[in-house]
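Novice: First the structure, which I've put down as structure tokens, then a few questions once you've had a look.
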Amino acid sequence: MIKENIKVIVSDLDGTLLNSDHRISDYTKQVFKELYQQEYLIIVATGRHHLDAMSIVAALDFPLYLVTSNGARIHAPNKELIFTSNMDSEAVKSVIQMDIPDEYTTVLFKEHVWQTNKHDSKLMEFQAELSYVPELVNYKEMTDFNAIKIFFKHDSHGKLLELRERILEKHPDTFSHAFSLPHCLEFMNKSVDKSVAIGHILEKEGFEFHQAISFGDGYNDEGMLNTTAKGLLMGNAPDSLKNKLAHLDVILKNHEDGVANYLADKILNNVGLVSK
């Protein structure tokens, strides 16, 4: 049985641990509090910026490891920053100056602010509380290109594929990249991946990947889903990802408390926890 081997629980946030309102349900809080009390190591791994993610995971009300910006930052349970990886500023400048049409929402993730070429109401919906503030900028007038991550949004996945090819043609070996959602394309430093950051945490805590279980719904979760002992895909994950990772089990959707229900059943054996 998988329960006997698992000591570490890893979960993505959006589309995974969070429900359709971008919040953690009361039932999920209850399940994870029980896991923490039973001394499982809990890791949340997200593409979100750490200031944004910290305000969300605070609802769990216990200390945990937080991997953010797809692995570019790791914060320890005491909130100490223990790992960081920024992009090369000249490479960022080169991408931003590629004359990218205004139809794309372009965002630079910086340490305390995200700089964007336009206000995007759909992006703002992901922040129930505005803890990581946007700043409207004119990229042509910028001089500081230090960044954690470059983020592009377009309603057309095809348009994002075209942009990805343009960037990779110019910088074939500079960045790692991922689609966190079909309409969201992200570029990070070459070495950045959720699985790499999780590996740092496991080594620090004396665990290995075969002792971890992970949950995700996006292409930026692919590395960790394939590296842990068992990766679980959310029922709301894109069909293209389900087909690519057909060897993984698919569980309930995020708005059905898929993560919590699976953990209560397979790890906690339903110890008095009842879903809504």
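The values are calculated or read from the model by the stated rules, or taken from the named source; none is laboratory data. The model shown is predicted, which means the values in this text are computed figures rather than measured ones. Positions of Cβ are generated from backbone atoms using ideal geometry, with glycine treated the same way; all protein chains shown enter the neighbour counts. For accessibility, only protein heavy atoms count, side chains too; no ligands or nucleic acids. Shrake-Rupley method; radii C 1.70, N 1.55, O 1.52, S 1.80 Å.
Novice: So His247 ticks every box in (1) open to solvent by less than 10 Å² (accessible area, probe 1.4 Å); (2) farther than 20 Å from Glu186 by Cα but one. Which box is left unticked?
Specialist: Tallying (1) open to solvent by less than 10 Å² (accessible area, probe 1.4 Å); (2) farther than 20 Å from Glu186 by Cα, His247 fails exactly one: (1).
Novice: Out of all the residues in the range 217-243, which are more than 18 Å from Glu186 (Cβ to Cβ) and outside any strand (DSSP E or B)? Can you show your working first?
Specialist: The first filter runs over the range 217-243 and keeps only residues more than 18 Å from Glu186 (Cβ to Cβ), leaving 226-236, 239, 242-243.
Once the filter is applied, which keeps residues that are more than 18 Å from Glu186 (Cβ to Cβ) and outside any strand (DSSP E or B), the range 217-243 yields Asn226, Thr227, Thr228, Ala229, Met234, Gly235, Asn236, Asp239, Lys242, Asn243.
Novice: Then there's this: Can you name the condition, by its number, that His49 falls short on among (1) on the phi < 0 side of the Ramachandran plot; (2) modelled with pLDDT of 95 or more?
Specialist: Answer for His49: the failing condition is (2).
Novice: Return yes when Glu125 is open to solvent by 80 Å² or more (accessible area, probe 1.4 Å) and at pLDDT below 90 and no when it is not. I'd like the intermediate steps shown before the answer.
Specialist: On the way: open to solvent by 80 Å² or more (accessible area, probe 1.4 Å): yes; at pLDDT below 90: yes.
Considered against the rule, which asks whether it is open to solvent by 80 Å² or more (accessible area, probe 1.4 Å) and at pLDDT below 90, Glu125 comes out as yes.
Novice: Another question, if that's okay. For the range 225-241, check the following and say yes or no: at least one residue is open to solvent by 70 Å² or more (accessible area, probe 1.4 Å), under 26 Å from Gln30 (Cα atoms) and without any contact (Cβ under 8 Å) to a residue 40 or more places away in the chain. Please lay out each step first, then the result.
Specialist: Looking only at the range 225-241, we keep the residues that are open to solvent by 70 Å² or more (accessible area, probe 1.4 Å), and these are 226, 239.
Imposing the further condition that a residue be under 26 Å from Gln30 (Cα atoms) reduces the set to none.
Within the range 225-241, not a single residue is open to solvent by 70 Å² or more (accessible area, probe 1.4 Å), under 26 Å from Gln30 (Cα atoms) and without any contact (Cβ under 8 Å) to a residue 40 or more places away in the chain.
Novice: Working only within the range 83-103, note down all residues that are without any contact (Cβ under 8 Å) to a residue 40 or more places away in the chain, closer than 14 Å to Leu160 by Cα and either of a type in the set (Gly, Ala, Ser) or open to solvent by 70 Å² or more (accessible area, probe 1.4 Å) (or both).
Specialist: If the condition is that a residue be without any contact (Cβ under 8 Å) to a residue 40 or more places away in the chain, closer than 14 Å to Leu160 by Cα and either of a type in the set (Gly, Ala, Ser) or open to solvent by 70 Å² or more (accessible area, probe 1.4 Å) (or both), then Asp102 is the only one that fits.
Novice: Has the range 158-166 got at least one residue that is open to solvent by 30 Å² or more (accessible area, probe 1.4 Å) and farther than 30 Å from Ile96 by Cα? Break it down into steps so the answer makes sense when it comes.
Specialist: Step one: of the range 158-166, the residues open to solvent by 30 Å² or more (accessible area, probe 1.4 Å) are 158-159, 161-162, 164-166.
Still in the running and farther than 30 Å from Ile96 by Cα: none.
No, there is no match, as no residue in the range 158-166 is open to solvent by 30 Å² or more (accessible area, probe 1.4 Å) and farther than 30 Å from Ile96 by Cα.
Novice: Can you confirm whether Glu222 is under 12 Å from the mean Cα position of the chain (by Cα) and surrounded by 23 or more Cβ atoms within 10 Å (Cβ to Cβ)?
Specialist: Working: under 12 Å from the mean Cα position of the chain (by Cα): yes; surrounded by 23 or more Cβ atoms within 10 Å (Cβ to Cβ): no.
No: the conditions fail for Glu222.
Novice: Every residue in the range 95-123 that is in contact with a Leu (Cβ under 9 Å, 6 or more places away or on another chain) and part of a helix (DSSP H, G or I), please.
Specialist: Ile96
Novice: Taking the stated definitions as given, is Tyr104 of a type in the set (Phe, Trp, Tyr), closer than 22 Å to Leu17 by Cβ and either under 17 Å from the mean Cα position of the chain (by Cα) or modelled with pLDDT of 95 or more (or both)?
Specialist: Details: of a type in the set (Phe, Trp, Tyr): yes; closer than 22 Å to Leu17 by Cβ: no; either under 17 Å from the mean Cα position of the chain (by Cα) or modelled with pLDDT of 95 or more (or both): yes.
No; evaluated as a whole, the condition is false for this residue.
Novice: If you don't mind, there's one more thing I want to ask. Here are some residues: Leu130, Leu161, Leu185. Which one is in a helix (DSSP H, G or I) and either at pLDDT 90 or above or of a type in the set (A, V, I, L, M) (or both)? Reasoning before the result, please.
Specialist: On the way: Leu130 fails: in a helix (DSSP H, G or I); Leu185 fails: in a helix (DSSP H, G or I).
Answer to the selection: Leu161.
Novice: Quick check on this structure: which one of Leu232, Leu202, Leu225, Leu241 is of a type in the set (A, V, I, L, M, F, W, C) and within 17 Å of Tyr65 (Cβ to Cβ)? Break it down into steps so the answer makes sense when it comes.
Specialist: On the way: Leu232 fails: within 17 Å of Tyr65 (Cβ to Cβ); Leu225 fails: within 17 Å of Tyr65 (Cβ to Cβ); Leu241 fails: within 17 Å of Tyr65 (Cβ to Cβ).
Answer to the selection: Leu202.
Novice: Could you check, for the range 255-268, whether at least one of its residues is modelled with pLDDT of 95 or more, open to solvent by 50 Å² or more (accessible area, probe 1.4 Å) and in contact with a Ser or Thr (Cβ under 8 Å, 6 or more places away or on another chain)?
Specialist: Yes, because at least one residue in the range 255-268 is modelled with pLDDT of 95 or more, open to solvent by 50 Å² or more (accessible area, probe 1.4 Å) and in contact with a Ser or Thr (Cβ under 8 Å, 6 or more places away or on another chain).
Novice: Filter the range 53-68 for residues that are open to solvent by 10 Å² or more (accessible area, probe 1.4 Å) and in a helix (DSSP H, G or I) and give the result. Break it down stepwise before answering.
Specialist: So the first thing to find is which residues in the range 53-68 are open to solvent by 10 Å² or more (accessible area, probe 1.4 Å), and the list is 54-59, 61-64.
The answer is Met54, Ser55, Ile56, Val57, Ala58, Ala59.
Novice: Next up: Does the range 1-50 hold any residues that are in a helix (DSSP H, G or I) and open to solvent by 70 Å² or more (accessible area, probe 1.4 Å), and which are they? Before you say what the answer is, go through the steps one by one.
Specialist: Taking the range 1-50 and keeping what is in a helix (DSSP H, G or I), we get 2-4, 13-17, 26-37, 50.
The answer is Glu4, Asp26, Gln30, Tyr36, Gln37.
Novice: Considering only residues that are open to solvent by 80 Å² or more (accessible area, probe 1.4 Å) and part of a helix (DSSP H, G or I), which ones fall in the range 206-216? Working first, answer last.
Specialist: Filtering the range 206-216 down to residues open to solvent by 80 Å² or more (accessible area, probe 1.4 Å) leaves 208, 210.
Across the range 206-216, the qualifying residue is only His210.
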